[in-house]
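Q: Below you'll find the structure I mean.
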Amino acid sequence: MTRNRTPTTGRTEYRVSGLDFRALESDERTIELSVSSEQPVDRWFGQEILAHDKGAVDLKRLTDVGSVLFSHGRDPLYGRMPIAKILSATIDESKHQLRAQLQFDTDERSEAVLQKIKSGMLKGVSIGYAVSNWEEVKAGKKSTNGRVTGPAYV
């Protein structure tokens, strides 16, 4: 049996990256952080790179109904209860990142997570996403945006 070596569209995937955040001075409960980037990730089908060009990311669902769950809502203590809301999400075209401003809730569990972020105990962030279309970049070739040399899927 041969396995299909191309990525799937529409399926929820997850990415983990280092927690690069800054607390906003105007509000102690609000932080800004990078939630995704063009950092390559090895997947079963090859190298995956998420494009962060203007128009490449649909932020509608994230900004309309997105919320922050601890451990993607799988933690037995925190469950699926949101710990923060997304105030804004934008693409930083110069850094090729998705950045978000989050405001943490005032309940005890949300406060505990916020303090662990500020103290450096929590060091990573993970985002769920679905890709609607892929560009296969063959070995030695350049991607449409000119930043990726294959082999890769963008």
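Q: Under a straight-distance cross-link criterion of Cα-Cα below 23 Å, which lysines are reachable from Lys60, leaving out those fewer than 8 residues away in the same chain?
A: Of all the lysines, those that pass the test against Lys60 - Cα under 23 Å, at least 8 places apart if same chain - are Lys85, Lys95.
Q: Contour minus end-to-end for Glu135 and Gln39, with contour as 0.36 nm per residue of separation and end-to-end as the Cα-Cα distance?
A: Full extension of this stretch gives 33.0 nm more.
Q: For Asp105, what residues show an amide H to amide H distance below 5 Å, using hydrogens built from the backbone and excluding near sequence neighbours?
A: For Asp105, the qualifying residues are Ala84, Lys85.
Q: What shape does the stretch 13-67 take by its C-alpha gyration tensor, where a ≥ b ≥ c are the square roots of the eigenvalues and a/c under 1.5 counts as rounded, a/b above b/c as prolate, and the rest as oblate?
A: prolate
Q: Among Phe70, Ala130, Gly18, which residue has its Cα positioned farthest towards the positive end of the charge dipole of the chain, with +1 placed on the Cβ of Lys and Arg, -1 on the Cβ of Asp and Glu, and the dipole taken about the Cα centre?
A: Ala130
Q: Report the trypsin sites (Lys or Arg not before Pro) located in the stretch 51-154 that are in a DSSP loop and have at most 14 other Cβ atoms inside 10 Å of their Cβ, or state none.
A: For trypsin sites (Lys or Arg not before Pro) across the stretch 51-154 that sit outside H, G, I, E and B with at most 14 neighbouring Cβ atoms in 10 Å, the list reads Lys54, Arg74, Arg80, Lys95, Lys123, Lys138, Lys141, Arg147.
Q: For the stretch 24-154, what is the relative contact order in percent, using Cα pairs closer than 8 Å and at least 6 residues apart in sequence?
A: 25 percent
Q: While we're looking at this one, here's another question. For the stretch 40-86, give the percent of accessible area contributed by carbon and sulfur heavy atoms, probe 1.4 Å, rounded to a whole number.
A: Exposed carbon and sulfur together represent 54 percent of the surface.
Q: Assuming a ≥ b ≥ c are the square roots of the Cα gyration tensor eigenvalues, decide whether the chain counts as rounded (a/c under 1.5), prolate (otherwise, with a/b larger than b/c) or oblate.
A: prolate
Q: Report the net charge of residues surrounding Val131, where surrounding means a beta-carbon distance below 13 angstrom and charges are Lys +1, Arg +1, Asp -1, Glu -1.
A: -2
Q: Right, here's the next one. Please give every one of the aspartates and glutamates within straight-line cross-link reach of Lys141, meaning a C-alpha to C-alpha distance under 17 Å, and leave out same-chain neighbours fewer than 8 residues apart.
A: Filter leaves Glu48.
Q: Another question about this same structure. Distance from a point 7 Å along Cα→Cβ of Glu111 to each backbone N in the stretch 12-51: keep the residues under 13 Å and list them by number.
A: Residues 29 qualify, since their backbone N sits under 13 Å from the label point.
Q: Would you kindly state how much longer the chain becomes between Lys118 and Lys142 on full extension, computed as 0.36 nm times their sequence separation minus their alpha carbon distance, in nm to one decimal?
A: Residue separation times 0.36 nm, minus the Cα-Cα distance, leaves 4.7 nm.
Q: Using θ = phi - 60° and the Karplus relation 6.51 cos²θ - 1.76 cosθ + 1.60, list the HN-Hα couplings for the stretch 79-88 in order, rounded to whole Hz, with x at every Gly or Pro.
A: Those phi angles translate into x, 9, 6, x, 10, 7, 10, 8, 7, 7 Hz.
The values are calculated or read from the model by the stated rules, or taken from the named source; none is laboratory data. A quick note: this is a predicted structure, and the numbers were derived from the prediction, not measured. Every residue, glycine as well, gets a Cβ built from its backbone with ideal geometry; the counts of neighbours run over all protein chains shown. To get the accessible areas, we keep the full protein, side chains included, count just its heavy atoms, and leave off ligands, DNA and RNA. Shrake-Rupley method; radii C 1.70, N 1.55, O 1.52, S 1.80 Å.
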